[in-house]
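Take a look at the structure below.
The values are calculated or read from the model by the stated rules, or taken from the named source; none is laboratory data. Just so it is clear, the structure is predicted and the values come from calculations on it, not from any experiment. Every residue, glycine among them, receives a Cβ derived from its backbone with ideal geometry; neighbour counts consider all protein chains shown. The accessibility values were calculated without ligands, DNA or RNA, using every heavy atom of the protein model including side chains. Shrake-Rupley method; radii C 1.70, N 1.55, O 1.52, S 1.80 Å.
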Amino acid sequence: MMKRKPVAFGDLRGWIAALKAAGELREIDAEVDWNIELGTIARLAQGPGTGPALIFNNIKDYNSSNSRCRRVLTGGLSSHRRIAMLLGLPPDAHPRELVKIGRNILTGSIPPRIVKDGPVKENVITGKDIDLYELPVPYWNRLDGGRYILTFGGVVTKDPESNVMNVGVYRGMIADKTHIPILMWRAQHIGHHVTAWQQHGGKPEMPIAVAIGWEPALDFTAGGPVPKGTCEYDVMGAIRGEPVELVKCETVDLYVPASAEIVIEGWLGIDPASYQMEGPFAEFTGYFAGDRAPKPTIRVTAITHRNNPILRGTIEGALPGSYSENAMCSSIMRAGAAWNVLDRAGVPGITDVWCQPVQAGINLLIQMKQSYRGQAKQAANAVWGSSAAHVRYKNITVVDDDIDIHDYAAVDWAIAYRVNAGEDDIVIMPATFGLGLDPSTRRRDRNPALFGTGKWNRVLIDATVNLDYEPDPDFDGARFPPKAWPDQKDVEAAYARFKELGLDKPKTS
C-alpha cells in the first residue's frame with residue numbers, strides 16, 4: 001500500500017491554490033447565469049471523473065462590487081486525481097490504492113483546537129439583515145424544487161447528552177430569506193440527534209450550523225461513513241495531519257472551522273408543525289427524487305462569512321458520462337467500508353473491493369480467492385447485515401481473484417460465463433431496509449415512516465467458479481476449461497517483436 005503524506009491546505013483558498021498548481025482548476029470569467037446555466041455547465045464539464053474543478057467568477061446578478069458573494073466553486077472532488085491529492089497521495093495513484101487508504105482514513109483522530117476568532121467572523125449578519133438570497137446560490141437543475149444552498153457543506157449538530165458533534169452532508173433548499181428545509185432520515189446521525197433532542201425535554205428545535213467552503217477534508221469526511229460517536233472534526237484532523245481550528249458560533253452552541261468561507265447558524269425545527277416544503281432534487285441516483293413535501297427546516301439566526309467569500313456547491317446525481325463529486329468520493333469510501341465489514345466478519349480471501357463511481361456505492365464488487373463453497377454468499381450476508389449497508393450495496397457481485405474488478409469488461413465476462421442461475425449463483429434477499437430515493441423501488445415502499453428509508457430486495461451475483469462442480473479429468477482436474485490466453489512465455493516473446501512488427505502494446509485503461 002502506498003504511504004501518504006497528510007496535507008493541510010489551510011482553507012478553501014489554499015485548496016484552490018493547490019488545484020491551480022496541479023492544473024486541476026478552470027476559472028470561468030465570462031458571465032454565467034445562476035439560474036440553470038451554471039448547473040448545466042457544471043454537469044457537462046465534470047465528465048466521467050475526468051473534468052476539472054470549476055470556479056465561476058462572474059455570476060449574473062451577483063457581479064457588482066457591492067455583492068455580498070460573487071464566486072462559486074464546484075467539482076473540487078469530482079476526480080480520483082483530486083481525491084488522491086486530498087489524501088496526500090500522488091495524483092495518478094490507482095483507485096485501488098485510494099480504497100486501501102480509505103479503509104482506515106476515517107478511523108484516525110486528531111482532536112480540533114478551539115480558537116477565539118478567525119476569518120469566518122470577518123462579517124456577522126443577524127436579525128433583519130439575514131437574507132439567503134444575497135448568496136449566488138444556483139438553481140442547479142430545471143426540475144429542482146428551488147435553489148439548493150446545501151449541497152456539499154458540513155452540517156453540524158450535536159448529541160444533547162454527550163455533546164459529541166456530528167458533521168454530515170444533507171441537501172437543503174432556500175424556502176425564503178431565513179429558512180432552509182432539509183432532507184434527513186431518522187437512521188442518519190442527524191436523525192439520531194433529532195430523536196435525542198426530542199427526548200431531552202421535548203424541545204421543538206435543536207441547534208444546527210452549516211460550514212460552507214473549507215478544506216476538501218470537510219466535504220469528504222462529512223459525506224463518508226464515519227462511525228457513530230466519532231466526531232468528524234477529529235477525523236478531518238487526522239486526514240490533514242493537523243488539528244482543525246474551530247470557533248464558536250454566534251447564536252448556537254456549536255463550533256465551525258475558523259477559516260470557513262460561509263457559516264449559516266440556526267435552529268432546526270423538529271416539530272412537524274414547523275416543517276416547510278422541500279424537494280424534489282436531482283439526487284445521487286441520477287434521477288429526481290425526494291418528493292415535494294414538508295421537511296425539517298432550519299430557522300437561520302446568523303450568517304458569518306469571510307471578506308469576498310466563495311460559495312462551495314456541487315451538482316449531484318451521477319449518470320453515465322457525468323460522475324458527481326459524491327459519486328467519486330463514495331466509490332472510495334463505500335468500497336473501503338465494505339472491505340472493513342468483510343474483515344470484521346471473518347470472511348477470508350478478500351483481495352479487492354470496488355464500487356464503480358457511476359452508481360455511488362449501490363452496486364458492490366468483491367474480488368476473492370475462494371477456499372470453500374458458499375464463500376461469496378457469506379460475503380454478501382456479512383455486508384447486508386451491517387449498518388454500512390444503509391442505503392448502499394443493493395447489488396453485490398463476487399468474482400475470483402483472476403478478474404480485475406476495476407475493468408468492467410472483465411466483470412461482465414465473469415458474469416456471462418461463471419453465473420448459472422440454476423446453480424444458486426443468483427440469490428435474492430427480499431424486503432430489507434433500503435433507499436427511499438431509488439426509483440426502482442415502488443412508491444408505496446419508499447415510505448420512511450414504514451421502512452426507515454425505503455424497502456429493497458437485494459441481489460447477489462456469484463460470478464466465481466462454482467466449487468460445487470466436479471473436477472473434470474479433461475481439464476487436468478480443474479472445474480472450468482482453461483482460459484483462451486497464451487502462456488506467459490509466449491506473451492513475452494510476442495511483445496518482444498511488437499516494435500519490429502510495427503505494433504504498439506495495447507493500453508490497459
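Summary of computed values
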item: Residues located in region 305-355, provided they are open to solvent by less than 10 Å² (accessible area, probe 1.4 Å), closer than 23 Å to residue 173 by Cα and part of a loop (DSSP other than H, G, I, E, B); result: 309, 313, 314, 315, 317, 318, 324
item: Residues of region 227-247 that turn out to be open to solvent by 10 Å² or more (accessible area, probe 1.4 Å) and not in a helix (DSSP H, G or I), as a count; result: 9
item: Entirely in region 117-217, the strands (runs of 3 or more DSSP E) that have 3 or more residues that are of a type in the set (Val, Ile, Thr) and touching a residue at least 12 places away in the same chain (Cβ under 8 Å); result: 123-126, 154-158, 205-212
item: Flag for residue 410 being in a helix (DSSP H, G or I) and at pLDDT 95 or above; result: yes
item: Unique match (being assigned to a loop (DSSP other than H, G, I, E, B) and either of a type in the set (Gly, Ala, Ser) or in contact (Cβ under 8 Å) with a residue 12 or more places away in the chain (or both)) among 378, 370; result: 370
item: Per-region count, region 1-47, residues of a type in the set (A, V, I, L, M, F, W, C), in a helix (DSSP H, G or I), closer than 23 Å to residue 67 by Cα and open to solvent by less than 50 Å² (accessible area, probe 1.4 Å); result: 4
item: Residue in region 260-283 that is nearest to residue 330 (Cα to Cα), counting only those that are assigned to a loop (DSSP other than H, G, I, E, B) and open to solvent by 20 Å² or more (accessible area, probe 1.4 Å); result: 280
item: Residue check for residue 468: closer than 21 Å to residue 373 by Cα and loosely packed, with under 13 Cβ neighbours inside 10 Å; result: yes
item: Exclusive hit being under 23 Å from residue 318 (Cβ atoms) and at pLDDT 95 or above, set 102, 75, 23; result: 75
item: First in region 235-262 and within 16 Å of residue 7 (Cβ to Cβ), second anywhere and in a helix (DSSP H, G or I) and among the small types (Gly, Ala, Ser), Cβ under 6 Å, 6 or more apart; result: 236/217; 239/217; 240/217; 243/237; 244/237
item: Candidates 137, 120, filtered to the one that is more than 24 Å from the chain's Cα centre (by Cα), within 30 Å of residue 278 (Cα to Cα), modelled with pLDDT of 95 or more and open to solvent by less than 30 Å² (accessible area, probe 1.4 Å); result: 120
item: Pairs with Cβ under 6 Å, 6+ apart, first in region 67-85 and closer than 17 Å to residue 307 by Cβ, second among the acidic types (Asp, Glu); result: 68/134
item: Close pairs from region 408-422: first open to solvent by less than 60 Å² (accessible area, probe 1.4 Å), partner part of a helix (DSSP H, G or I), Cβ under 9 Å, at least 6 apart; result: none
item: So residue 282, is it closer than 28 Å to residue 70 by Cα, modelled with pLDDT of 95 or more and not β-branched (Val, Ile, Thr); result: no
item: Matching entry among 114, 101, 105, 83 (being among the hydrophobic types (A, V, I, L, M, F, W, C) and either open to solvent by 40 Å² or more (accessible area, probe 1.4 Å) or more than 19 Å from the chain's Cα centre (by Cα) (or both)); result: 114
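Yes or no, residue by residue, for (1) modelled with pLDDT under 90; (2) open to solvent by less than 30 Å² (accessible area, probe 1.4 Å); (3) at positive phi:
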| site | (1), (2), (3) |
| --- | --- |
| 371 | no, no, no |
| 377 | no, no, no |
| 383 | no, yes, no |
| 402 | no, no, no |
| 425 | no, yes, no |
| 439 | yes, no, no |
| 443 | yes, no, no |
| 459 | no, no, no |
